[in-house]
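Here is the structure we will look at, set down as C-alpha cells.
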Amino acid sequence: QLALLSAAIERIGREHALAQKPLVQLQVTLDEIVSNVIKYAWPEGGSHEIRIRITVDAGKVKVDVADDGVSFDPRHTAPPALPPSGQRRRPGGVGLHMVRQLMDVFEYARIDGWNHSTLTKQCTIGTHTK
C-alpha cells in the first residue's frame with residue numbers, strides 16, 4: 001500500500017504545482033512515519049488501520065497519520081548517538097530525527113485510542129494549469 005501513498009503524493013504535487021524539493025521531503029517523511037507505524041504500532045499483530053489525511057492550503061501541506069496502535073509520541077525519540085571514533089554508524093535510528101529536520105512542524109496527539117502524527121511543510125502552492 002506504500003505505492004498508493006507515493007502515487008497520491010505525486011498526484012497532489014501535480015494538482016497543486018508543488019516544487020520538487022518539498023514534494024520529495026513529504027514523500028520521504030510519509031514513508032518513514034508509515035513504515036514505523038507498520039513495524040512497531042501493533043506488537044500483537046492482527047488487522048489494523050492507518051488513516052492518512054493530506055490537506056493543501058495557505059502555503060503549506062499538512063499530513064495527519066493516524067493509527068490505532070500502542071501509544072507512542074514520535075517527537076520524543078532521542079537523536080541518534082554518534083558512533084565511537086573510527087567506527088561506522090549502525091543502521092537504523094535516524095528516521096524520526098530526519099523527519100524532524102525535513103518538516104516545519106511535527107505534532108502528536110493521542111485521541112480516542114488513536115495516535116495522530118501531524119506533519120506540516122511550508123511551501124509555495126502554485127496554480128494548476130491544464
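What nm distance separates the two modelled labels at Thr118 and Val94, each placed 7 Å from Cα along Cα→Cβ?
Using points 7 Å along Cα→Cβ, the separation is 3.0 nm.
Per DSSP helix of 4 or more residues, -39500 (n - 2.57); summed, then divided by the residues of the chain. What does that give at 222 nm, rounded to the nearest 500?
Counting only the DSSP helices, I get -10500 deg cm²/dmol.
Can you give me the P(r) profile for the chain? Cα pairs, bins 5 angstrom wide beginning at 0, each as a whole percent.
Percent of pairs per bin, in order: 2, 10, 19, 21, 18, 13, 9, 5, 2, 1, 0.
Can you tell me how much longer the chain between Arg51 and Lys39 gets when fully stretched, taken as 0.36 nm per residue apart minus their C-alpha distance, in nm with one decimal? Could you put the intermediate results ahead of the total?
Working: separation 12, 0.36 × 12 = 4.32 nm, distance 1.57 nm.
Full extension of this stretch gives 2.8 nm more.
Restricting to lysine pairs 8 or more places apart or on different chains, what number in the chain have Cα atoms under 15 Å apart?
For the chain, qualifying lysine pairs total 4.
Using a simple charge model, +1 on the beta-carbon of Lys and Arg, -1 on the beta-carbon of Asp and Glu, nothing else, what dipole does the chain show about its Cα centre, in debye to the nearest 20?
Once rounded to the nearest 20, the dipole reads 560 debye.
If we sort 5-18, 56-69 on the protection proxy, mean other Cβ atoms within 10 Å, highest first, what's the order? Mind dumping the intermediate values first?
Working: 5-18: 15.1, 56-69: 16.9.
Final packing ranking: 56-69, 5-18.
Which of the listed residues, Thr124, Gln87, Gln25, is farthest toward the dipole's positive end in the chain, when Lys, Arg count +1 and Asp, Glu count -1 at the beta-carbon?
Farthest towards the positive pole: Gln87.
Only the coordinates and a few stated rules stand behind these numbers; no lab work does. Fair warning: this is a prediction, and the values are worked out from it, not measured in the lab. FYI the Cβ positions are ideal-geometry reconstructions off the backbone, even for glycines, and counts take in every protein chain you see.
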